[in-house]
Amino acid sequence: MKRRLLPAALLLAVSQGSWADVTGAELDAAATAIAGQVIEWRRDFHRHPELANRETRTSATVADHLRSLGLEVRTGIAHTGVVAVVNGALPGPTILLRADMDALPVTEKTDVPFRSTVTGEFRGRTVGVMHACGHDAHTAILLGVADILVRLRDRLPGRVLLVFQPAEEGVPEGERGGAPLMLDEGLLAIAKPDAAFALHVGSMLNTGQVMLRPGPLMAGSDFFRILVTGRQSHGSRPWKGIDPIVVSAEIVSALQTIVSRQTDITDLPAVVTVGAINGGVRHNIIPDTVEMLGTIRTFSEASREDVIERMRRISSNVAEASGATATLELMPAPNPPLVNDPALTERVTRSLKRALGDDAVTTSRMLTVGEDFAYIARAVPSVYWWVGITPAGTDAAAAPDNHSEHFFVDESGIQVGLRSLLHVAVDFLQGETAR
Ligand SMILES: [Zn+2]
Ligand SMILES: [Zn+2]
C-alpha cells in the first residue's frame, strides 16, 4: 500500500512499530481458533433451513452475532438481508464479501445428526426444506471471517462490506429478492466497493481443492414461455383446425439448431432447453394452445441477446408456416452471466495458491448453472470461486450434486473455504504484501 498517503498520526504509529502487516500465519491461526464455532453455526443453520425470502431466523442469528462484535448492523435489506461494515484503522480500499443464506425445497435424506426435518410452503404445497446447496456453510464462513476481521481491525487498512444475502435460489412467484433487490435497495451506497468476492461450496471438487477462471465462469440464466396458438378441432378432422401440438414439436426441434447450427461454439457455449410442454386434455381433441417452458444459458450479454432473437424468429416463423402463432415471453429477473474480472482473478489466484498451495487451485470450466452474485459482479470488479467439500479420497464426480437430497458437505472443506476468503480479503486490503 502507499504509505505516503497515511495521515500523520498513523505514520507515527507505523514508525513506532505498533502497526505491521497481518501475516498469513496469523490468519491461519485465527481461522483454526474459530473453526469449532463456524461448524457450530453451520450445523445450526443446517438444522433450521429457510426458503428464499423467508430467512428470518438465519438473518436474526447473523445480525445478533455481528452486533455482538460491536458492528453497526443493517437488517431488512431485500426482505431478510443483513449488511455490516468493518472499518479498518488504516486507510485503504473497500471490499465486499457476500454469503447467501437461503435453502431449497428438498427433503433431506442424509444421515448427519443435524439433518433437517423442517417443512415449508412452496407453490402452495408443503415441502421438505434443506440446505442442499451449502448456503449454510457460506453464511457460517462469512460470520467467521467477520469475527476475525473485527479482531484484526486495528491493523487492517480499508473497509469490508459484509453482505448476507437472501434468496439466491430465486424468489416465490410475484416476489422480488436476492442480489438484484439488495442493489436496488442501495447496497453499494452503504460503501462503494473496489472489489467484491464470493465463494460457493461444490460437491464436484474434493476437500482441499478450489477452482476458478478469469472471464465468464457461470451462465446467464433466462426462463422462457412459448405460447403456441392454433385452432381447436376434432382429433379425427385435423384439417378443420390448426394443430398447435404438431407446430410445437417443430418449434422444439428447430430451437435445437440455434446452438448446433447458428452459434459460434468455438467462442462461447450456449444451452436452449425446453423443459415442459403442456397442451390438450383428451386423445381425440386437438387443443387451441400449447405452452412450453424452458431455460436459456449464455455466457455474455451479446450471446444472450443473439440466442433470444433467434428463438423469437424461429418460434414465430415456424408457427406462421402452419397458420399458427407463437409468442416468446421471458420471465422477469433472469441472472446475467457471472464474469470474473480477469486482472483481479490473477491476483486472487496468487492469494489462493499462497494460502492453500499451488496444487489446490485449478482452472474451472465454464459452468452452465446460474448465480445471482452476477448482478454484483456486473457492478463491481469481482471474483467468485468454488470450494471442494467432497471428502478427499472419494470420487467427487460420483458425489451427490448440489441440490440433491443427499448433498453432503465435508466440514473440513468449510475450513478451506474460510481460509480462502480470509486470505483473499486481507491480501487485497493490504495491497497483496508478499508473506
Ligand atoms: Zn443452488
Ligand atoms: Zn448455491
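The values are calculated or read from the model by the stated rules, or taken from the named source; none is laboratory data. Not measured: the values here are computed from a predicted model. Every residue, glycine among them, receives a Cβ derived from its backbone with ideal geometry; neighbour counts consider all protein chains shown. We work out accessible area using only protein heavy atoms, side chains counted, and drop any ligands, DNA or RNA first. Shrake-Rupley method; radii C 1.70, N 1.55, O 1.52, S 1.80 Å.
Within segment 202-225, find all residues whose amide N lies under 16 Å from a label point positioned 7 Å from the Cα of R347 along Cα-to-beta-carbon. The answer is 214-215. Residues in segment 363-405 average 44 Å² of solvent-accessible surface per residue, probe 1.4 Å, ligands and nucleic acids excluded. For the pair T229 and E432, label points projected 7 Å from Cα toward Cβ lie 5.7 nm apart. Using heavy atoms of the protein chains and a probe of 1.4 Å, the accessible area assigned to I245 is about 80 Å².
Would you work out if segment 349-415 is rounded, prolate or oblate? Take a ≥ b ≥ c from the square roots of the eigenvalues of the alpha-carbon gyration tensor; rounded if a/c is under 1.5, else prolate when a/b is larger than b/c, oblate otherwise. It is oblate, given that a/c is not under 1.5 and a/b is not larger than b/c. Surface composition of segment 380-435: carbon plus sulfur atoms contribute 58% of the solvent-accessible area (1.4 Å probe, protein chains only, all chains present). If you sort K353, K109 by accessible surface, 1.4 Å probe, largest first, the order is K109, K353. With the simple spin-label model, which puts each label point 7 Å out from Cα in the Cβ direction, the T126 to N284 separation comes to 4.3 nm. Note on R237: accessible area approximately 110 square angstrom, rounded to 10, probe 1.4 Å, nucleic acids and ligands left out.
Computed over protein heavy atoms with a 1.4 Å probe, the accessible surface of segment 148-280 works out to 42 Å² per residue.
Assuming R0 = 60 Å, what is the FRET efficiency of L330 and A29, from their Cβ-Cβ distance, to the nearest 0.05?
With a Förster radius of 60 Å, E is 0.75.
With 0.36 nm allotted per residue and the present C-alpha distance subtracted, the K109-D184 stretch has 23.3 nm of extension available. If the segment from T257 to A60 were pulled out straight at 0.36 nm per residue, it would be longer than the present Cα-Cα gap by 66.0 nm.
Of the trypsin sites (Lys or Arg not before Pro) found in segment 278-325, the ones in coil according to DSSP and having at most 15 other Cβ atoms within 10 Å of their Cβ are R282. Positive end of the dipole of segment 114-188, charges at C-beta (+1 Lys, Arg; -1 Asp, Glu), about the Cα centre: which of G174, I141, F164 has its Cα farthest in that direction? With unit charges placed on the Cβ atoms, the residue in question is I141. For the pair S68 and E173, a Förster radius of 35 Å applied to the C-beta separation gives a FRET efficiency near 0.45, rounded to the nearest 0.05. Full extension of the segment from T394 to T119, taken as 0.36 nm per residue of separation minus the current Cα-Cα distance, would add 95.9 nm. At q = 0.05, 0.08, 0.12 Å⁻¹ the log10 of I(q)/I(0) for the chain amounts to -0.21, -0.51, -1.00, computed by Debye summation with a single uniform scatterer per C-alpha, solvent ignored. In this simple spin-label approximation, Q37 and T266 carry label points 7 Å from Cα along the Cα→Cβ vector, and these lie 5.5 nm apart.
How would segment 76-127 be classified by its alpha-carbon gyration tensor: rounded, prolate or oblate, with rounded meaning a/c under 1.5 and the a/b versus b/c comparison settling the rest? Here segment 76-127 falls in the prolate category. Where only DSSP H runs of four or more residues are counted, the chain gives -11500 deg cm²/dmol as its mean residue ellipticity at 222 nm, each run worth -39500 (n - 2.57).
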